[in-house]
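One structure is given here, and the rest of the page talks about it.
The values are calculated or read from the model by the stated rules, or taken from the named source; none is laboratory data. Please read these numbers as outputs of a predicted model, since none were measured by experiment. Note that each Cβ is placed from the backbone with ideal geometry, even for glycine, and that neighbours are counted across all protein chains shown. Surface areas here come from the heavy atoms of the whole protein model, side chains and all, with no ligands, DNA or RNA. Shrake-Rupley method; radii C 1.70, N 1.55, O 1.52, S 1.80 Å.
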Amino acid sequence: MTHVRKFYILLCGYEIIRKSGCLRGAPRAQILAVPICAYLMETAQGHVLFDTGLDTRSLVDPERARGIYVNDTFPAPPIVLPEHELLAQLEAVGVVPGDVTDIVLSHTHSDHSGGLRHFPAARVHLQRVEYEAAFSEEGRKALNFADISGPVDWHLIDGDQTLMPGLDLILTRGHRPGHQSAVVRLPSGAVKILVADVVDLMENFQTETIGSSMDDPAALASLLRLKRIAAETGGTLVPLHDPDFVHSARLAPA
């Protein structure tokens, strides 16, 4: 039995990144435009968002955007067009911010947590170790940490947890100290494994090669764990940043 009724992939813009930032050992000269995604689930307990995309206010001033986002791995700022805006996509499927009861953050990087400000009434589920790392003095100084202002109804998690029947949160450390993924079971029986930033590309799974990581052994263990879950459940690995996967998927409002 599952409480998840519908599942949507929301395309929330693009990041410009060296492929070597996604796949260890890839040529540095190869540049990718990788999607920024979020996922909406209509459930028996309300609407659930997995990640919230980027705060587009950070892109208004081009010079400020370059200062925030451009570095050796990211040669240009993200691209977010009007059709990528999160709230417009939710409206297209008949959802307003007040309908979102729960948000699952895979981790606190700004391309995943930037839209939190739109949902002040939602419960926000985050691994406790990720919360502690993000809100530490060192964590708050990081330019890739979203400026989370205003009250947030944090629901802190320690390890794996079932949020509701059909929606399991899985601790997948490596990219961040408290990174988490999700296993979603649909009414059809299909299983979708939301990878988030365990890896960026399907090529990572095929070659069992990690990408960006704060803890390489943990990152590889998380990659292999998700592959095992996919094999055991017959589920589909759903990478958040893989352009080939996202561009061939049915995107919201479908």
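The table below gives the values:
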| read-out | value |
| --- | --- |
| Region 123-139 residues that are in contact (Cβ under 8 Å) with a residue 24 or more places away in the chain and of a type in the set (A, V, I, L, M), paired with ones that are open to solvent by 90 Å² or more (accessible area, probe 1.4 Å) and assigned to a helix (DSSP H, G or I) (beta carbon under 9 Å, 6 or more apart) | ALA134/ARG140 |
| Filter result (open to solvent by 10 Å² or more (accessible area, probe 1.4 Å), assigned to a loop (DSSP other than H, G, I, E, B) and in contact (Cβ under 8 Å) with a residue 60 or more places away in the chain) within region 170-195 | HIS175, ARG176, LEU186, PRO187 |
| Some residue of region 73-81 being touching a residue at least 12 places away in the same chain (Cβ under 8 Å), among the small types (Gly, Ala, Ser), out of contact with any Asp or Glu (no Cβ under 8 Å at 6 or more places or on another chain) and surrounded by 13 or more Cβ atoms within 10 Å (Cβ to Cβ) | yes |
| Answer residue from region 83-109, given it is within 21 Å of ILE17 (Cα to Cα) and at pLDDT 95 or above and is surrounded by the most Cβ atoms within 10 Å (Cβ to Cβ) among those | SER106 |
| Any strands (runs of 3 or more DSSP E) falling wholly within region 1-101 and containing at least 1 residues that are among the aliphatic types (A, V, I, L, M) and more than 19 Å from the chain's Cα centre (by Cα) | 31-43, 76-79 |
| Residue within region 121-137 that is crowded, with 20+ Cβ neighbours inside 10 Å, within 27 Å of VAL60 (Cα to Cα) and either of a type in the set (Gly, Ala, Ser) or in contact with a Cys (Cβ under 6 Å, 6 or more places away or on another chain) (or both) present | yes |
| Region 3-15 residues that are farther than 14 Å from LEU194 by Cα and open to solvent by less than 10 Å² (accessible area, probe 1.4 Å), paired with ones that are part of a strand (DSSP E or B) and small (Gly, Ala, Ser) (beta carbon under 8 Å, 6 or more apart) | CYS12/ALA38 |
| Condition broken by ASP55, with the remaining ones in (1) in contact with a helix residue (DSSP H, G or I) (Cβ under 9 Å, 6 or more places away or on another chain); (2) surrounded by 15 or more Cβ atoms within 10 Å (Cβ to Cβ); (3) among the charged types (D, E, K, R); (4) closer than 29 Å to GLU208 by Cβ satisfied | (4) |
| Which numbered condition SER58 misses (of (1) in contact with a strand residue (DSSP E or B) (Cβ under 6 Å, 6 or more places away or on another chain); (2) more than 21 Å from MET164 (Cβ to Cβ)) | (1) |
